[in-house]
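Structure record follows, encoded as structure tokens.
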Amino acid sequence: MNQSNSVTIVRRRLLAAVSTSVVLLAACGGSGKSPVATVAANTGTAASAATDLPAALEGTTAETTAPASTAPVSAAPAPATAPAPAAPTKPVATVPVSPSAGGTLAPLQKFAFYRIGNPANVGSATLTGNTLSLEGQDYAGTTLTAGNCSINTNGLTLCSSVPTQNTFTLCGNNKGADKIRSRYVLFDPQAVKLTDVALLKGLTFSGYENCGQDNVGTQAKGAPSATLAFDASSNLTLTQYDRVPARVTNAPSILVNLSSDTVNNGTTARFNLYRSNGRYVIIATGVPTNGVTTTDPGTLIAFVQN
């Protein structure tokens with residue numbers, strides 16, 4: 001079997017695990033979510049991939065160009081303002097839920113991280129000056145500031161970040177033996193882990209897998225590789241930009257398990273939800289149950305709330 005066919009099989013295995021007939025979280029090997037999941041056939045006609053967030057679609061195997069955004073695009077709500085007291089008193093403090101603007105977040109010196117091939121948070125890393133120390137390896141010339149992320153040594157060649165979070169996807173080419181993939185996701189070690197899917201109602205996320213290097217069509221390389229949109233019932237719409245037309249997939253909230261792994265179709269999948277800097281971050285992992293290989297190292301995707 002040639003490498004191209006192997007990668008195609010890996011993609012389909014990851015997408016199998018989230019619903020009974022939908023493809024979810026596909027890309028470069030990985031896992032799924034539902035005990036009764038099956039891989040949907042991937043068909044569709046050529047069209048330009050849209051960069052807007054997906055509208056809710058009926059059916060579970062739709063693979064089409066995402067229309068102009070009609071799904072609710074929910075930024076974090078504005079902070080509640082305490083009512084003025086009847087008599088002069090110290091005002092009640094309110095906690096803002098909106099993140100700081102790009103460039104104003106204090107950079108971190110310590111990080112928690114996920115590594116491809118592992119379903120759980122597996123360690124910590126430190127940044128001293130411009131040297132990142134990660135799993136016994138030092139990466140010189142590293143910048144990890146929200147919205148300004150770069151790394152270019154020792155096999156980690158690309159880095160993705162957004163202005164609203166100290167969350168970073170580090171990508172490399174598996175020592176030259178494979179395509180560019182997400183190798184690590186670094187994030188704030190003070191982030192709070194959550195398990196209630198109801199928290200995601202009405203929210204949208206931009207996903208960064210493989211540092212956007214699989215994007216095709218009008219979705220530029222380096223841009224988000226996928227989007228997630230949750231409706232008022234926490235049902236999920238996933239749009240992926242790894243082909244033309246972009247794939248749009250729906251899944252009910254019951255299939256988004258935030259508290260445990262799901263093993264199915266030869267993969268182990270997990271959605272890890274955190275709240276950091278006033279917004280949510282979802283770190284999705286998929287691991288082959290028979291062990292990782294060069295052509296199937298698993299899947300690692302960071303989804304950051306818009």
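The values are calculated or read from the model by the stated rules, or taken from the named source; none is laboratory data. What you see is a predicted model; the values in this text were computed from it and never measured. Note that we place each Cβ from the backbone using ideal geometry, even for glycine, and neighbour counts take in every protein chain shown.
The table below lists the values:
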read-out: Test: residue in the stretch 133-140 that is over 14 Å from the mean Cα position of the chain (by Cα), outside any strand (DSSP E or B) and touching a residue at least 60 places away in the same chain (Cβ under 8 Å); value: no
read-out: Matching option when the condition is out of contact with any Asp or Glu (no Cβ under 9 Å at 6 or more places or on another chain) and over 14 Å from C211 (Cβ atoms), among N130, N152; value: N130
read-out: Hits in the stretch 108-157 - residues which are among the hydrophobic types (A, V, I, L, M, F, W, C) and more than 20 Å from G222 (Cα to Cα); value: L108, F111, A112, F113, A120, V122, A125, L127, L132, L134, A140
read-out: Qualifying residue in the stretch 251-274 (condition: farther than 23 Å from L194 by Cβ, assigned to a strand (DSSP E or B) and either of a type outside the set (S, T, N, Q) or free of Cβ contacts under 8 Å to residues at least 60 places away in the same chain (or both)); value: no
read-out: Qualifying residue in the stretch 207-222 (condition: closer than 23 Å to I180 by Cβ, in contact with a helix residue (DSSP H, G or I) (Cβ under 6 Å, 6 or more places away or on another chain) and without any contact (Cβ under 8 Å) to a residue 40 or more places away in the chain); value: yes
read-out: Which listed residue is under 19 Å from the mean Cα position of the chain (by Cα), exposed (fewer than 15 other Cβ atoms within 10 Å of the Cβ) and at pLDDT 50 or above, from A106, A120; value: A120
read-out: Within the stretch 166-222, strands (runs of 3 or more DSSP E) holding 1 or more residues that are at pLDDT below 95 and either closer than 20 Å to C149 by Cα or not assigned by TED's automatic domain parsing to the domain that holds T143 (or both); value: 168-172, 181-187, 204-208
read-out: The stretch 203-251 - residue that is among the charged types (D, E, K, R) and crowded, with 19+ Cβ neighbours inside 10 Å and, of those, nearest to the chain's Cα centre (by Cα); value: E209
